[in-house]
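Asker: Right, I'll just put the structure down here and ask away after.
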Amino acid sequence: MPLCWRETARHQEDSAIAKKAKRGAGRRILRLLGMLLLFLALAPPVIILAYRFVPPPFTPLMLIRLTEGYGIDKDWTSIGHISPNLQRAVMASEDAKFCIHDGFDWEALEENVDKLQHGKHSRGGSTISMQTSKNLFLWPARSFVRKGIEAYLTLWVELLLPKERILELYLNIAEWGKGIYGAEAASRHYFDVPAAKLGPRQAALLAVTLPSPLRYNPGKPGPYLSSRAGVIQGRMYSVPYTAKGVCKEQ
């Protein structure tokens, strides 16, 4: 075989090997990406199921605030030791349909979309289930990507956890001030009482602080916070609550 033919054949062979190696590397990358996506899809329900029985050790927001110079003051408290006043106040303020929806308040979401289309202010329509999902896994900044992930997580939260546990989680991981998380830490910090001893007014003040916990101080409420707490205090007793607990019939 002439030398030029041998060189051409060798070049073609080398080119084929290189193309095969590239295809193999591409398949490995796709396989790794697929495994990563599968893990990201399946890990949350496993963790959520674990949180049905054990308290979350921390949340992403706690770690973010820690890097911002805030501490972490939290004290897990079972829902049986959190005043019914606070449970009712939080539902009245944040999610009045908590006991009857499937994780999403579709009517509120439609109203908020309509407001946004007309250039009006919208609170977002997040339910307690959605906020619990966000607090457990996600970052605080708003974006469509985060909202999409939040919706996916909310489906699992509602599927795997009873309503009482969802509320218990929310009341224990919610941010209530600089480095203050959960009902017990907030009650003692602002009112020097355990969460079990919160009165209606104290509970209403804590509840209306939740949308902006770094801005408002329920222990020293201004005119807006006092007025808003008065409204919520008036709505508290319309929230479903029985001797058996939240969202349970007699």
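Asker: Please enumerate the residues belonging to segment 198-207 that are outside any helix (DSSP H, G or I) and either surrounded by fewer than 24 Cβ atoms within 10 Å (Cβ to Cβ) or of a type in the set (Val, Ile, Thr) (or both).
Answerer: GLY199
Asker: From the list ALA186, ALA195, pick out the single residue that is surrounded by 22 or more Cβ atoms within 10 Å (Cβ to Cβ), in the same structural domain as PRO57 (by TED's automatic domain parsing) and touching an Asp or Glu at 6+ places or on another chain (Cβ under 7 Å).
Answerer: Among ALA186, ALA195, only ALA195 is surrounded by 22 or more Cβ atoms within 10 Å (Cβ to Cβ), in the same structural domain as PRO57 (by TED's automatic domain parsing) and touching an Asp or Glu at 6+ places or on another chain (Cβ under 7 Å).
Asker: Filter segment 28-78 for residues that are of a type in the set (Lys, Arg) and modelled with pLDDT under 90; which is farthest from PRO140 (Cα to Cα)?
Answerer: That would be ARG28.
Asker: Of these, ALA204, ALA229, which one is under 26 Å from LEU136 (Cβ atoms) and among the small types (Gly, Ala, Ser)?
Answerer: Among ALA204, ALA229, only ALA204 is under 26 Å from LEU136 (Cβ atoms) and among the small types (Gly, Ala, Ser).
Asker: Please identify the pairs in which a residue from segment 141-164 that is within 19 Å of PRO211 (Cα to Cα) has its Cβ atom under 6 Å from the Cβ atom of a residue that is charged (D, E, K, R), counting only partners at least 6 apart or on another chain.
Answerer: Qualifying pairs under 6 Å: GLU150/LYS134.
Asker: Against the condition farther than 23 Å from ILE48 by Cα, out of contact with any strand residue (DSSP E or B) (no Cβ under 7 Å at 6 or more places or on another chain) and of a type in the set (Gly, Ala, Ser), how does ALA185 come out, does it pass?
Answerer: no
The values are calculated or read from the model by the stated rules, or taken from the named source; none is laboratory data. What you see is a predicted model; the values in this text were computed from it and never measured. Don't worry about glycine lacking a Cβ; one is built from the backbone with ideal geometry, like all the others, and counts go over all protein chains shown.
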